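What follows is one structure encoded as structure tokens, with my remarks underneath.
Derivation of every value follows stated rules applied to the coordinates shown; laboratory data play no part. Predicted model only: the values in this text are computed from it and were never measured. Reconstructed Cβ throughout: ideal geometry from the backbone, glycine too, with neighbour counts over all protein chains shown.
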Amino acid sequence: MSTMNGLMKCHEQTSHFVVVPLMAQGHMIPMADLALLLAHRGARVSLITTPVNACRLRAAADHAAFTGLLLRLVELPFPCKAAGLPDGCENIDLIQKPDLFGPFFKSLHLMAGPLKNYLRAQPKSPTCIISDQCMPWTMEVSKDLNIPRFVFHGPSCFFHLCTLKLVQHKLYENVKDDRESFTVPELPQRIEVNKLTAQRFFDWPQMEDLLRRVEEADDTSDGFVLNSFQELEPWYIDEYRRSVGKEVWPVGPVSLLHKETGSKAVRGNGSTGIDQVSVLQWLEGRERGSVIFISFGSIAKTRLLQLVEIGFGLEATGLAFVWAVKEAEENEEVKRWVGEFEKRNWNRGLIIKGWVPQVLILTHPAVGAFMTHCGWNSALEAVAAGVPMVTWPHFSDQFLNEKLVVEVLRTGVGVGVKMPAFHLTEVEQAVVGREKVEMVVRRVMCGGEEGEEMRKRAWELGEKARKAMEDGGSSYENLSSLIGYATGLAANRGVELQ
């Protein structure tokens, strides 16, 4: 048998994983990476998406096809009209009004029928479904088709364990004041939170039914997949596994799949036309560890008054910076101010408007720190790059992720935000002033012995992250275990595999 025929025969016998991300950039990106990791192990993978989101994932899918991986983008219709959404509103970052979140998640649920039709049309049943925790409707698909189902947890295991402990001890119910501080029980460190900074996904008004379904989907799942690695949060992963009584596989940091410049540049949204060459050329002219990178993710919006304070704080440090200001594409007033700011700082600052090739920037040797909203993707990408953080959480899991970075790992310094951004909608002044911005940036970038120790810890974690993803590393072996477990589970249920 020729080598090519042997490869084809091998592929014919592969498992088939169906990966279903939430239609939000921070959720799609790591699950697309997970799909690629499974494909690199020889599995056939169907990555479920919608037409608008497929455009964002196309470059990565095309690259996978070019290299011979069996990964397919499966575009299912997104029923905007049926749920009362504007046409094309297929991603959370496209939602313009808060009252559209309910209809958006209703649209997601309506994808269950098309997904069932796709899976029934396959020659043989898939091995399993791996779905985002925020997609509980896949529970019905799994049950109806007798397919094993695993839940992908996007945030840190630290976040999930903390919120689980709060549920078990009924603190969400018993603490009446949302702003009252209390300690998360049964942890090795003293972690103080309040109900706003330890809020669960969908624990919001009018979303109670969705929260209940998410909890039910977790309880009925066959296990959990984490974008983390054992060496990063070992006690928390072990305790979470014990607490939920299910298999838990940390398989990250999944961003380390991307090693080449081109792969890093298109990760997440290869259709934006970002000039990666000019970004790299700008960074090449800077000394090692001399640049601070600022980005608050794809959803959080920063008001002009706060942008001004960040800008003046950066100017006062005298440090070089790369700053992602997506608001400059959406707001004319911001656009004018950013233009003036750029002129004043043309010789030491680079402003990027729109989508940012974040991993490409973070892994450049010139970058010495990362000011981040502490979304888990961003925090873990900084960990993987060995870069310390200036933490500025906005909402959701980000406050507990900050606790992990600042108080447990000690690889970051917080700017002092105490309240989620969605509880500050009527506040007109900046939350953090320019003096605090300057002070915290200097503390991380130029902080003497403290800064050196922080950078050393960050570098050591980066080394552990890279080793975890290598052949024989903890995440590599966990992915092998996941594939084997899923295949065995499917066989035990009588699933006729590919």
Checklist entry - Which far-off residues, 5 or more places away or on another chain, put their amide H under 5 Å from the one on V248, with H placed in the peptide plane? => result F224
Checklist outcome for this item: Cα extents of the chain per principal axis, largest first, Å, are 65, 60, 46
Item to check | Difference of contour (0.36 nm per residue) and Cα-Cα distance, K301 to R466 | outcome: 56.2 nm
Checklist entry - Cα gyration tensor of region 341-424, axes a ≥ b ≥ c as square roots of the eigenvalues: rounded (a/c below 1.5), prolate (a/b > b/c) or oblate? => result oblate
Checklist entry - Straight-line reach from K343: which lysines have a Cα under 27 Å away, not including same-chain ones fewer than 8 places off? => result K301, K326, K335, K353, K436
Next on the checklist: Given an 8 Å cut-off on Cα distances and at least 6 residues of separation, report the relative contact order of region 274-466 as a percent.
Outcome noted: 25 percent
Next on the checklist: How big is region 162-238 along each principal axis, measuring the range of its Cα positions in Å and listing the largest first?
Outcome noted: 36, 31, 18
Next on the checklist: Cβ neighbours within 10 Å, averaged per peptide: list 244-255, 29-40 in order, most packed at the top.
Outcome noted: 29-40, 244-255
Checklist outcome for this item: For L76, the residues 5 or more places away or on another chain with a placed amide H closer than 5 Å to its own amide H are T49, T50
Next on the checklist: Between R288 and C55, what is the label-point separation in nm under the 7 Å Cα-to-beta-carbon projection?
Outcome noted: 4.2 nm
Checklist entry - Calculated from DSSP H runs of 4 or more alone, at -39500 (n - 2.57) each and per residue, what is the 222 nm mean residue ellipticity of the chain, nearest 500? => result -13500 deg cm²/dmol
Checklist outcome for this item: So for region 101-258, using the alpha carbon gyration tensor with a ≥ b ≥ c as root eigenvalues (a/c under 1.5 gives rounded; past that, a/b versus b/c decides prolate or oblate), I'd call it oblate
Checklist entry - Want the number for R348 to L145: 0.36 nm per residue separation, take away the alpha-carbon distance, what's left? => result 67.4 nm
Checklist entry - Given a Förster radius of 30 Å and the C-beta distance between M207 and R242 as r, what FRET efficiency does 1/(1 + (r/R0)^6) yield to the nearest 0.05? => result 0.55
Checklist entry - How large is ³J(HN,Hα) for each residue in region 469-478, as worked out from phi by the Karplus curve 6.51 cos²θ - 1.76 cosθ + 1.60 (θ = phi - 60°), to whole Hz, x for Gly and Pro? => result 8, 7, 3, x, x, 4, 6, 4, 5, 5
Checklist outcome for this item: So the FRET efficiency between T220 and R457, C-beta based with R0 = 41 Å and rounded to 0.05, is 0.55
Checklist outcome for this item: Taking Cα atoms, the helix 332-344 axis meets the longest principal axis of the chain at an angle in degrees (rounded to 10) of 60 degrees
Item to check | When the convex hull of its Cα atoms is projected in every direction, mean area for region 274-466 (nm²) | outcome: 10.1 nm²
Checklist entry - Considering only DSSP beta bridges whose two residues both sit in the chain, what percent are antiparallel, to the nearest 5? => result 5 percent
Checklist entry - What are the ³J(HN,Hα) values, in whole Hz, obtained from phi via the Karplus relation 6.51 cos²θ - 1.76 cosθ + 1.60 with θ = phi - 60°, for each residue of region 291-297 in sequence order, with x given for Gly and Pro? => result 10, 9, 9, 10, 7, 10, x
Checklist outcome for this item: Residue by residue through region 16-33, the couplings from Karplus 6.51 cos²θ - 1.76 cosθ + 1.60 with θ = phi - 60°, in Hz, x for Gly and Pro, are 10, 9, 10, 9, 10, x, 5, 7, 8, 3, x, 9, 5, 4, x, 6, 5, 5
Checklist entry - Between R120 and A65, what FRET efficiency comes out of the Förster formula 1/(1 + (r/R0)^6) with R0 = 25 Å and r the beta carbon distance, rounded to 0.05? => result 0.50
Item to check | Gained length - Y172 relative to R410, 0.36 nm times residue gap less alpha-carbon distance | outcome: 82.9 nm
Checklist outcome for this item: Rounded to whole angstrom, the alpha-carbon centroid of region 112-171 lies from that of region 321-341 at a distance of 39 Å
Checklist entry - If you place +1 on the Cβ of every Lys and Arg, -1 on the Cβ of every Asp and Glu, and leave all else neutral, what size is the dipole of the chain about its Cα centre, to the nearest 20 Debye? => result 700 debye
Item to check | Highest-first arrangement of 411-417, 163-169, 203-209, where packing means the average Cβ count within 10 Å | outcome: 411-417, 163-169, 203-209
Checklist entry - Rounded, prolate or oblate: which fits region 1-159 when a ≥ b ≥ c are the square roots of the eigenvalues of the alpha-carbon gyration tensor, with rounded for a/c under 1.5 and prolate only if a/b beats b/c? => result prolate
